[in-house]
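This report concerns only the one structure given below.
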Amino acid sequence: MGTKIFIRFLAVFYLCVFVGLGILFFNFLGQNYREMESLRAREAHLERMVELREQELERKTETAQRLREDPEYLERVIRQQLGYIGPGEFLFRFEEDDEFFRF
């Protein structure tokens, strides 16, 4: 009778240990899975940012090349952004009256 109780006790003990280890394993696995999903989302965000920066770089490279090669474009940019006027030219600036332009 004593050995049956001991065997049952060992079986229950090992079952509890096995279940406890299983719970710890799945908890650890779940944390790693959530962390992996978070890292994947961050990676996707960073890849999109790299894409946007590459597009911006391409646009700026094209603008720089055009500024070097197209004198008319260069002159237009200088006039628009820096307010440059040539000799004998006049620059007129008008203040916008908000009420005048409302319909």
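What follows is calculated from the coordinates using simple rules that are stated; it is not laboratory data. Remember, predicted model here, so these are calculated numbers, not experimental data. Every residue, glycine as well, gets a Cβ built from its backbone with ideal geometry; the counts of neighbours run over all protein chains shown.
Key figures for this structure:
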item: Residue among 45, 67, 15 farthest towards the positive dipole end of the chain, charges placed on Cβ; result: 15
item: Cα-based radius of gyration of the chain once divided by 2.2 N^0.38 Å, which approximates compact folds; result: 2.85
item: Sparse-neighbour loop sites [GluC sites (Glu not before Pro); the range 22-103; at most 16 other C-beta within 10 Å; DSSP]; result: 89, 95, 96
item: Radius 15 Å from Cβ of residue 75, net charge of other residues (Lys, Arg +1; Asp, Glu -1); result: 0
item: Residue 27 paired with residue 49, simple spin-label distance in nm, labels 7 Å along Cα-to-beta-carbon; result: 3.4 nm
item: Stretch in the chain that is longest and holds no trypsin sites (Lys or Arg not before Pro) that DSSP places in a loop and that have at most 13 other beta carbons within 10 Å; result: 1-92
